[in-house]
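Below: one structure, written as structure tokens.
The values are calculated or read from the model by the stated rules, or taken from the named source; none is laboratory data. Bear in mind that the values here come from a model prediction, so they are computed numbers and not experimental data. FYI the Cβ positions are ideal-geometry reconstructions off the backbone, even for glycines, and counts take in every protein chain you see. These area figures cover heavy atoms from the full protein model, side chains too; ligands, DNA and RNA do not enter into them. Shrake-Rupley method; radii C 1.70, N 1.55, O 1.52, S 1.80 Å.
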Amino acid sequence: MPWIPQAPDSKTLRISRILQTTQLVTGLIFIPILFLLCRRLPVHVGWENGFFEVLQNVVLGVGMLASLLMAVLRRQHVQRNFWLGISLVWLLMLGRELSWGAVFLTPAGFGPISGPYFSSQLLPYRPAIAAIGFGILAIALLLIALAKPLGLLRCAWQRIALLPWAYGLCMLISAAIGTAAEGKLGSFGHDWSNAQVVEEGFELLAYYFLLRAQIWSFTRWLKP
């Protein structure tokens, strides 16, 4: 089945506005609560292989499996290829979070604040990681191309009012806070107390909002 642009009816739009406004308000309340909580949690919560890191891997794994399920549910539609491609993107993010398998090795070092340190340089297949990553990305892009992206864009634009903007905005805010805590914006954020826990906590939250945005897109925005 090809992409068939179809504008949503007024009832669908009204429900969407109510739900997304609720989601935005909930997210904007939870984000500062998580920020304050992260600054008071034990430092080991933000370590590699710590609580937040494990939850990040769980969310990424769920995102990959959810994408595969979406591909199965839309197997009669051209967008099946799109969700297969997205599943590979989740796989790439999961591989990055696992340091391509290095986290299963003995730590290469340990710091009282940063915790255990794992290095992909110690992996016997380290020279092949870049090729594997680019290969997976190339297959993902090919699958997305096979999903008739122009038809996808027309459908998405026709139903732009159902864009998951609330989840997207919360994801961007979470990613910005995590990036600041990591020190990529200079001293701002990186000087926060418990900055590493804040970074990992908000990276987890960004992944969560990304997954929720995808589920919303599947069930509403890109629904045939």
Please find, among Ala213, Ala180, the residue that is in contact with a Gly (Cβ under 6 Å, 6 or more places away or on another chain) and under 21 Å from Gln79 (Cβ atoms). Ala213
Suppose the filter is touching a residue at least 12 places away in the same chain (Cβ under 8 Å), outside any helix (DSSP H, G or I) and not small (Gly, Ala, Ser); does Ile113 pass it? yes
Restricting to segment 31-65, what's the tally of residues that are part of a helix (DSSP H, G or I), among the small types (Gly, Ala, Ser) and buried (at least 18 other Cβ atoms within 10 Å of the Cβ)? 2
Search segment 55-79 for residues that are touching a residue at least 24 places away in the same chain (Cβ under 8 Å) and pair each with any residue that is assigned to a loop (DSSP other than H, G, I, E, B) and small (Gly, Ala, Ser) when their beta-carbon atoms are under 7 Å apart and the residues are at least 6 apart or on different chains. Val78/Ala147; Gln79/Ala147
If we ask which residues in segment 1-30 are open to solvent by 60 Å² or more (accessible area, probe 1.4 Å) and either more than 26 Å from Leu73 (Cα to Cα) or of a type in the set (Lys, Arg) (or both), their number turns out to be 12
Starting from residues that are surrounded by 17 or more Cβ atoms within 10 Å (Cβ to Cβ) and small (Gly, Ala, Ser), keep the ones in segment 140-155 and report whichever is farthest from Ala195 (Cα to Cα). Ala147
Write out, first by first residue and then by second, each pair whose Cβ atoms fall under 6 Å of each other, whose residues are 6+ apart or on separate chains, and whose first residue, in segment 9-29, is within 17 Å of Ile160 (Cβ to Cβ) and among the hydrophobic types (A, V, I, L, M, F, W, C) while the second is modelled with pLDDT under 95 and part of a helix (DSSP H, G or I). Leu13/Ala161
